[in-house]
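What follows is a set of notes on a single structure, which appears directly below.
Rule-based calculations on the coordinates, nothing more; no lab input. Since the structure is predicted, the reported quantities are computational estimates derived from the model, not experimental observations. We place every Cβ from the backbone using ideal geometry, glycine too, and count neighbours over all the protein chains shown.
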Amino acid sequence: MLKKIPRNILILVTIAAILFSGMKIVKPVFAEGQLIESKMLNTEESKIEKEEIVTQIAGKVKKDVIARKFKSVNSNLENYAASKFSEYVMEASAAFQIDPFLIASILIKESHAKYKARSSCGAYGLMQVNWSVHRGNIRKAFSEIATLSDLIQPRNNILVGTYIFSCYMQSSGGDISEALSRYLGASGRRYIAGVMKYHSQMVDSYSNMMEVMLKRELTDTTA
C-alpha cells in the first residue's frame with residue numbers, strides 16, 4: 001500500500017512546478033559576449049586580409065606599369081631588364097619614400113631607360129648621376145659603391161639617383177619642381193614638364209589596371 005504524501009510536501013512540489021514552468025532558459029551573458037567578440041575579430045581579420053591583398057596587387061601593378069613604360073620608351077630593352085629596372089625602382093621608392101612613378105619618370109627623362117647612357121657633362125647610367133660632383137657623398141651613403149663602375153650598375157644607379165633626389169626633396173621642403181630643378185642642375189621648365197607628363201601617364205595606367213584587377217579579385221572571392 002502506498003503511503004500518503006504529506007500535504008505540505010505536495011504544496012511545495014506544486015509551487016516548484018509552477019515556478020519552473022514559467023522560467024526561460026537564458027544563455028550566459030559571457031557566452032554572448034564571446035560570440036560578439038569572435039564575430040568582430042573575424043570581421044577585422046577579413047578587413048586586414050583584404051588590405052594585404054590590395055597592397056600586394058598594387059605593388060605588382062605599379063611594377064608592371066613601370067616596366068611597360070620603360071619598354072615603350074626603349075624598344076630595344078628586353079622584358080627581363082625592364083622588369084628588373086622596375087623592381088629596383090620599387091626598392092628605391094621604399095628605401096627613400098619617393099613615389100615610384102616619379103623615380104621612373106626621372107629615369108625615363110634622363111636616359112630613356114638606357115643603362116649605359118652617358119652625358120657630355122659626366123653624368124652616367126639610368127639616372128644620369130654625375131660621379132665627379134657626388135662621388136664623396138655617394139661613398140659615404142653607399143659603402144658598396146666605391147668606383148664609377150659600381151655606380152653604372154642599374155640597381156646602384158637607381159638607388160643613388162633616388163637618394164640624391166630625396167635629399168633635394170628634403171632641402172626644398174617637398175617642392176617637386178624645385179627638387180627636379182636641383183636634380184637637373186638648372187631651372188628647366190621643359191624638363192619638369194616632361195617628367196610630370198610621364199608621371200601622369202603612369203598614374204593613369206595604374207588607376208585603370210587597378211580597377212580591372214580589383215574587379216577580378218572581387219569576382220574570384222565572391223564566386
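Each label was represented as a point 7 Å from its Cα along the Cα-to-Cβ direction; for Asp175 and Glu52 these points are 4.3 nm apart.
With a simple spin-label model that places each label point 7 Å from the Cα along the Cα-to-Cβ direction, the separation between Ala94 and Lys60 comes to 1.6 nm.
Provide the FRET efficiency to the nearest 0.05 for the Gln201-Ser143 pair, computing r from the beta carbons and using R0 = 45 Å.
On the way: r = 36 Å, r/R0 = 0.81.
With a Förster radius of 45 Å, E is 0.80.
Sparsely packed loop sites in the range 72-154 (the chymotrypsin sites (Phe, Trp or Tyr not before Pro) outside DSSP H, G, I, E and B with at most 15 other Cβ atoms within 10 Å) comprise Phe142. A DSSP coil position with no more than 13 other Cβ atoms inside 10 Å describes the following GluC sites (Glu not before Pro) in the range 82-156: Glu144.
Name the residues whose placed amide hydrogens come within less than 5 Å of the amide hydrogen of Val129, ignoring near sequence neighbours (fewer than 5 apart) on the same chain. When sequence neighbours closer than 5 places are left aside, the close amide H contacts are Tyr124. Going 7 Å from the Cα of Cys121 toward and past its Cβ, which residues in the range 169-200 have a backbone nitrogen under 17 Å from where you end up? Once the point is set 7 Å along Cα→Cβ of Cys121, 169, 177-196 turn out to lie under 17 Å by backbone N, inside the range 169-200.
If the chain between Asn208 and Lys114 were fully stretched, how many nm would it gain, using 0.36 nm times the residue separation less the Cα-Cα distance?
On the way: separation 94, 0.36 × 94 = 33.84 nm, distance 2.72 nm.
Residue separation times 0.36 nm, minus the Cα-Cα distance, leaves 31.1 nm.
The residues packed around Lys71, meaning those with a beta-carbon under 11 Å from its beta-carbon, carry a net charge of 0 if Lys and Arg are +1 and Asp and Glu are -1.
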